[in-house]
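Novice: Here it is: the structure, laid out below.
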Amino acid sequence: MTTLPHLIALDLDGTLLKDDKTISAYSKEILKKAREAGHIVCISTGRPYRASSMYYEELELDTPVVNFNGAFVHHPKDDQWGAFHTTLDVETVKQIVEVCEKHNVKNILAEIIDHVYFHYHDEKLLDVFTMNTSDITVGDLRKNLGDDVTSILIHASEEEVENIRTYLSDVHAELVDHRRWAAPWHVIELIKRGMNKAVGLKIIADSYSIPAERIIAFGDEDNDLEMLEYAGQGVAMGNAIPKLKEVANRETKTNEEDGIAVYLKDALSL
């Protein structure tokens with residue numbers, strides 16, 4: 001191969017995945033060609049590994065993965081590669097739970113890698129968030145959490161979301177980074193301050209000795225901002241939020257129009 005290998009980083013929801021949460025046959029074909037040409041394809045997502053493993057298998061990947069927006073990076077097929085797990089202090093988490101109760105939140109979920117803790121029992125959320133895990137604990141997080149936490153999700157009413165975020169910014173700005181999910185979910189996601197997909201992706205890039213200018217990263221939401229800024233080719237999907245299109249230095253078609261495949265075919269002459 002004459003061209004140097006690129007590292008291709010794929011966000012899942014709204015990017016690689018179509019709206020029905022599937023990967024199109026064309027996207028799979030082009031990603032396979034990219035790998036056959038010597039490029040490295042990895043997943044970089046806000047999802048936990050248990051909710052991204054099916055796509056990892058479907059693409060037949062053998063690379064490390066960025067999960068929880070950078071708070072957990074590991075190699076599913078190589079234990080020797082190491083695991084990078086950055087957590088939130090459990091005492092801080094308990095203080096946040098205390099405040100959330102005053103805001104009458106619908107639920108609070110704490111995740112420690114693939115163990116999910118629900119503050120309240122909630123059939124609908126159990127269904128959505130427990131994907132591929134049987135490690136579920138339901139009940140008061142202040143009593144049930146013994147270890148530091150990978151991520152917290154706060155499910156609140158729409159009008160309370162900003163109040164809670166203001167509190168987090170005022171009181172815990174040193175410790176946590178928080179993001180709001182896209183509609184229809186009124187969810188605030190918290191991970192340790194300073195964690196983002198770019199941090200996770202850099203760990204992977206360094207392991208392959210790939211400089212930032214040979215990274216092509218695709219995304220659509222605000223949790224992709226740092227990753228697209230870091231990558232030599234930061235590619236916003238056609239369906240991306242305006243803010244992401246501003247920081248991206250490239251744009252492609254939407255997730256429904258095989259945006260990733262269209263871009264890579266051209267950029268890598270596949």
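The values are calculated or read from the model by the stated rules, or taken from the named source; none is laboratory data. Predicted model, so just to flag it, every value in this text is computed and none were measured. Please note: Cβ atoms are built from the backbone with ideal geometry, for glycine as well, and neighbour counts cover all protein chains shown. Just the protein is used for accessible areas: all its heavy atoms, side chains included, with ligands, DNA and RNA removed. Shrake-Rupley method; radii C 1.70, N 1.55, O 1.52, S 1.80 Å.
Novice: Tally the DSSP beta bridges in the range 88-233 and give the antiparallel ones as a percent, rounded to 5.
Specialist: 85 percent
Novice: Count the net charge of all other residues whose Cβ sits under 11 Å from the Cβ of V116, scoring Lys and Arg as +1 and Asp and Glu as -1.
Specialist: Residues close to V116 contribute a combined charge of -2.
Novice: Follow-up. Under the classification rounded if a/c is under 1.5, otherwise prolate if a/b is larger than b/c and oblate if not, where does the range 1-57 fall, given a ≥ b ≥ c as square roots of the Cα gyration tensor eigenvalues? Before the final figure, lay out the partial values.
Specialist: Details: a/c = 2.44, a/b = 1.69, b/c = 1.45.
Note, shape of the range 1-57 comes out prolate.
Novice: Restricting to the chain, compute how many DSSP beta bridges are antiparallel as a %, nearest 5.
Specialist: Of all bridge pairs located within the chain, approximately 60 percent are antiparallel.
Novice: Could you sort H172, H6 by their accessible area in this structure, using a 1.4 Å probe and putting the largest first?
Specialist: H6, H172
Novice: Write down the accessible area per residue of the range 76-219 in Å², having rolled a 1.4 Å probe over the full set of protein chains. Don't skip to the answer; put the middle values down first.
Specialist: Working: 6980 Å² over 144 residues.
Using a 1.4 Å probe on heavy atoms only, each residue of the range 76-219 averages 48 Å².
Novice: I want to check a number: in the range 1-108, how many lysine pairs have alpha carbons closer than 29 Å, given a sequence separation of 8 or more or different chains?
Specialist: 14
Novice: Using a basic spin-label model with each label point 7 Å from the Cα along Cα→Cβ, how many nm lie between S157 and W185?
Specialist: So the two model labels end up 2.2 nm from each other.
Novice: Another one. When the chain is fully extended, how far beyond the present Cα-Cα distance does H121 get from V138, taking 0.36 nm per residue of separation?
Specialist: 5.5 nm
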